[in-house]
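These notes concern the structure reproduced below.
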Amino acid sequence: MRRSRKWIFTLAAICLFFFCGQYLPEEPLKSKAMAVGFGIDLTDKESVSVHLQILTGSGSKQQSGSNTQVISAEGATLGEAAYKISRDTGLAVSLTHCNVVVLGESLLKSTSVYAVLNYLICNGYLSDNACIVSCKGSAYDLLSSPIGFGDNASVYMREIIGMYDRFGDITGKKLREFIVDYHRTGQANWLPFVTREKIPKETPPSSGGESGGSSEEENYLFEMNRVAVLVKNRFIGVWEAPGALAVNCLLNKISKGQLETIGEHGEKINWYVLKNDCKLSYDRDKMTVKANLKIQALVKEIVDYSADNAHVDRLFVTEREERRFESDLADVITSFYAEMQRKDADVFGFKEGFLSHCRMDVKDVPLSDIGLEVNVKLTQT
């Protein structure tokens, strides 16, 4: 009897929903500017320029994606710039599906990075899980770039970074992670740094055998294996792929990573990294951090460029080559940390670690006084 009543109430609720749903006020999708990418630049007038990559029925040939268009506006604040976009287009801006935030180089090198991002997350404009990247040049140029592979720049970047997996030297950072890292003891932060690489795209000749106009159309690929480092609101610099690899090894989980080492006879050994696991321990007496890094990997390919036959007929490595893998990776991490020590940029959060694990307040201690020991253990699969 109770089960029958349950089904009766369920069916009644469904019928009521369908009957009354048609009378609920709704805003048609065509009246909204559905943004998939959000870009911010700092202008010469100290105002902000906001760029939204919105979904449209048909896009511009000069811009990224066949179904998107980048619309821009300037304002003293982000809210004012976004309002101007709504006013000029006659569409209500919707950031529900916006998962990528791009900071232009002008904003990255200013002292307003945290204020801008904190405004976004405090006012609920964006999901705190949105990916955040910085770029060379303007955010507008990056978002409006015609993409060689992929639909549009925002989706392309999101697919490269991945929602869960991280590659060996490609980092990913979410909006909430940036805000949390800013409030750590060291107040150091890092962001993926994106650059564009131009690639030619040939246009096929017409059926009459004559060239159909221009023989090439410019498309772009994105290089995303660099990291930009900041301390508080101060821009420190940009580091190449080894820096991104060091950040991923100690702070993130690597999946589908690629690493290269040199064999005993000069061969290049390509490794496929399946996963990593890093445990940090803190020695308050020696003021040293010990990083025990476990890497699970398999040999993908061994190539000898000095030989006639480039591909070596073996997929195993010697014990000496395994130890070289471990020492080379440890050297990459320690070298990057040495550069961070010179800049006093605590990107790994060691000062926060001493506070939480050892109850030591080392906020005013120079990073050069905190040592790092890296022990890498390779496990072949």
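The values are calculated or read from the model by the stated rules, or taken from the named source; none is laboratory data. Since the structure is predicted, the reported quantities are computational estimates derived from the model, not experimental observations. Every residue, glycine as well, gets a Cβ built from its backbone with ideal geometry; the counts of neighbours run over all protein chains shown. SASA here: full protein model, heavy atoms, side chains in, ligands and nucleic acids out. Shrake-Rupley method; radii C 1.70, N 1.55, O 1.52, S 1.80 Å.
How large is the Kirkwood hydrodynamic radius of region 106-147, counting all unique pairs of alpha carbons, in Å?
11.8
For region 297-381, run through the chymotrypsin sites (Phe, Trp or Tyr not before Pro) and keep only the ones in DSSP coil with at most 15 other Cβ atoms within 10 Å of their Cβ. Let's see the in-between values first.
On the way: sites: TYR305, PHE316, PHE325, PHE336, TYR337, PHE348, PHE350, PHE354; in loops: TYR305, PHE316, PHE348.
Sparse-neighbourhood loop chymotrypsin sites (Phe, Trp or Tyr not before Pro): TYR305, PHE316.
Expressed in nm to one decimal, what extension gain is obtained for the pair HIS97 and LYS343 from 0.36 nm per residue of sequence separation less their Cα-Cα distance?
84.8 nm
For LYS45 and SER281, FRET efficiency with R0 = 41 Å and r from the beta-carbon atoms, rounded to 0.05?
0.25
Keeping the other protein chains in place, figure out the carbon and sulfur percent of the accessible area of region 212-360, with a 1.4 Å probe.
On region 212-360, the fraction of accessible area on carbon and sulfur atoms equals 47 percent.
How long are the semi-axes of the ellipsoid equivalent to region 248-351, from square roots of 5 times the Cα gyration tensor eigenvalues, in whole Å, largest first? Write out the running numbers ahead of the final one.
On the way: eigenvalues 200, 40, 29 Å².
Over the Cα atoms of region 248-351, the ellipsoid semi-axes are 32, 14, 12 Å.
Please give the contour-minus-distance gain from HIS265 to THR111: 0.36 nm per residue of separation, less the Cα-Cα distance, rounded to one decimal in nm. Intermediate results must be reported in sequence, preceding the final value.
Values: separation 154, 0.36 × 154 = 55.44 nm, distance 4.99 nm.
Roughly 50.4 nm would be gained on extension.
Which lysines, on any chain, are close to LYS300 with Cα under 23 Å apart, when same-chain ones fewer than 8 places away are left out?
Straight-line reach from LYS300, under 23 Å: LYS253, LYS256, LYS268, LYS275, LYS377.
For region 70-177, what is the per residue volume of the convex hull drawn over the alpha-carbon atoms, in cubic angstrom? Walk me through the numbers before you get to the answer.
Numbers: hull volume 13.3 nm³, N = 108.
About 123 Å³ per residue, rounded to a whole number.
Starting from 0.36 nm per residue, how many nanometres of slack lie between ASN123 and THR77 once their C-alpha separation is accounted for?
Details: separation 46, 0.36 × 46 = 16.56 nm, distance 1.28 nm.
Full extension of this stretch gives 15.3 nm more.
To the nearest 20 Debye, how big is the dipole of region 128-188 about its Cα centre, given +1 on the beta carbon of each Lys and Arg and -1 on that of each Asp and Glu? Numbers along the way, then the final one.
Numbers: 7 positive and 8 negative charges, 39 e Å.
My answer is approximately 180 debye.
What distance in nm separates the simple spin-label points at ASP364 and TYR305, each placed 7 Å from Cα in the Cβ direction?
Between ASP364 and TYR305, the simple spin-label model gives 5.2 nm.
I want to check the label-to-label distance for LYS294 and ARG314. Put each point 7 Å from Cα in the C-beta direction and report it in nm to one decimal.
A separation of 2.8 nm, rounded to one decimal place.
Given +1 on the Cβ of Lys and Arg, -1 on the Cβ of Asp and Glu, and no further charges, what dipole in debye does region 332-381 carry about its Cα centre, rounded to the nearest 20?
That gives a dipole near 140 debye.
On the protein heavy atoms, probe 1.4 angstrom, tell me the percent of accessible surface of region 75-201 carried by carbon and sulfur.
In region 75-201, the share of accessible area belonging to carbon and sulfur is 52 percent.
Can you list the aspartates and glutamates whose alpha carbon is less than 13 Å from that of LYS279, not counting same-chain residues fewer than 8 positions off?
GLU373
When the Cα atoms of region 234-293 are enclosed in a convex hull and the volume is divided per residue, what value in Å³ results? Each step should come with its number before you reach the end.
Details: hull volume 9.1 nm³, N = 60.
Per residue, the Cα convex hull of region 234-293 comes to 151 Å³.
List the aspartates and glutamates whose Cα sits under 12 Å from the Cα of LYS294, skipping any in the same chain fewer than 8 residues away.
Straight-distance partners of LYS294: ASP277, GLU326.
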